[in-house]
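Here's the structure we're looking at; comments come further down.
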């Protein structure tokens with residue numbers, strides 16, 4: 001048994017064609033197959049593969065295949081499996097010619113009558129890879145939670161995959177350690193963001209960013225819950241933040257982000273100074 005196993009290993013080593021026969025290719029069966037930057041239809045389109053193109057598959061991800069695409073950033077692209085037919089690479093190897101059989105010692109075939117000429121089928125002209133298209137992650141709506149018991153709604157919009165605008169409406173509350181008084185705050189924060197780069201992998205899309213904006217804040221002081229003599233004050237501050245947005249291939253329209261921010265607000269009520277540093281987690285569903 002050991003000798004037989006060693007013989008199989010030696011045969012595979014000496015004949016690399018047997019190893020290459022296990023490779024997989026995707027044959028495009030649609031008129032034109034989109035090649036995406038990542039394994040999701042919300043990532044940029046980096047090119048098109050014409051009908052009949054045979055694309056070597058470097059990795060099979062289930063619904064998507066990873067292929068080599070020199071026109072794409074990083075030299076790789078992704079095609080959905082419904083755009084073609086998966087099969088072994090050996091099915092597309094050229095057949096051996098008569099000359100090769102004759103050189104191997106085989107007898108030449110008998111002479112046959114000349115075939116009747118027929119019109120050649122029309123060839124499909126190859127398509128030049130298209131320029132990178134803007135991603136579909138343009139407008140997202142969602143919510144956020146953060147430190148100081150804050151929560152609220154958020155809208156995020158990206159332009160040209162680099163510059164973004166975010167609108168946030170949040171509410172938080174602080175209670176006194178010595179009595180029943182409390183201060184509730186409502187903030188409206190329009191901000192501008194800039195994404196440094198996009199890193200699209202097989203399963204996750206990473207987008208780090210930084211931004212800043214203006215904070216319009218209204219604070220209400222109450223000595224006790226339901227106090228009719230509550231006092232309200234408004235002020236304007238600023239916010240500087242940085243974070244990363246993650247989008248997963250299994251949920252391409254849902255983005256999760258984590259921010260670390262520095263805020264500066266006026267403090268009209270003594271003893272209720274908020275920490276200038278805050279951490280928040282947000283989720284956005286991209287509807288466009």
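The values are calculated or read from the model by the stated rules, or taken from the named source; none is laboratory data. Note that the coordinates shown come from a computational prediction; the quantities given were computed from them, not determined experimentally. For neighbour counting, all protein chains shown are included, and Cβ atoms are generated from backbone atoms with ideal geometry for every residue, glycine included.
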- prompt: In the list 234, 212, which residue meets the criterion of being in a strand (DSSP E or B) and exposed (fewer than 14 other Cβ atoms within 10 Å of the Cβ)?
  reply: 234
field: residue 131, sole failed condition from (1) surrounded by fewer than 12 Cβ atoms within 10 Å (Cβ to Cβ); (2) at pLDDT below 50; (3) more than 28 Å from residue 245 (Cβ to Cβ)
entry: (3)
query: Somewhere in segment 183-201, is a residue surrounded by fewer than 15 Cβ atoms within 10 Å (Cβ to Cβ), out of contact with any strand residue (DSSP E or B) (no Cβ under 9 Å at 6 or more places or on another chain), assigned by TED's automatic domain parsing to the domain that holds residue 282 and more than 21 Å from residue 234 (Cβ to Cβ)?
result: yes
Count of segment 71-86 residues which are surrounded by 14 or more Cβ atoms within 10 Å (Cβ to Cβ) and free of Cβ contacts under 8 Å to residues at least 24 places away in the same chain: 1
message: Considering only segment 164-176, I want to know if a residue exists there that is assigned by TED's automatic domain parsing to the domain that holds residue 274, farther than 20 Å from residue 238 by Cα and in a loop (DSSP other than H, G, I, E, B).
response: yes
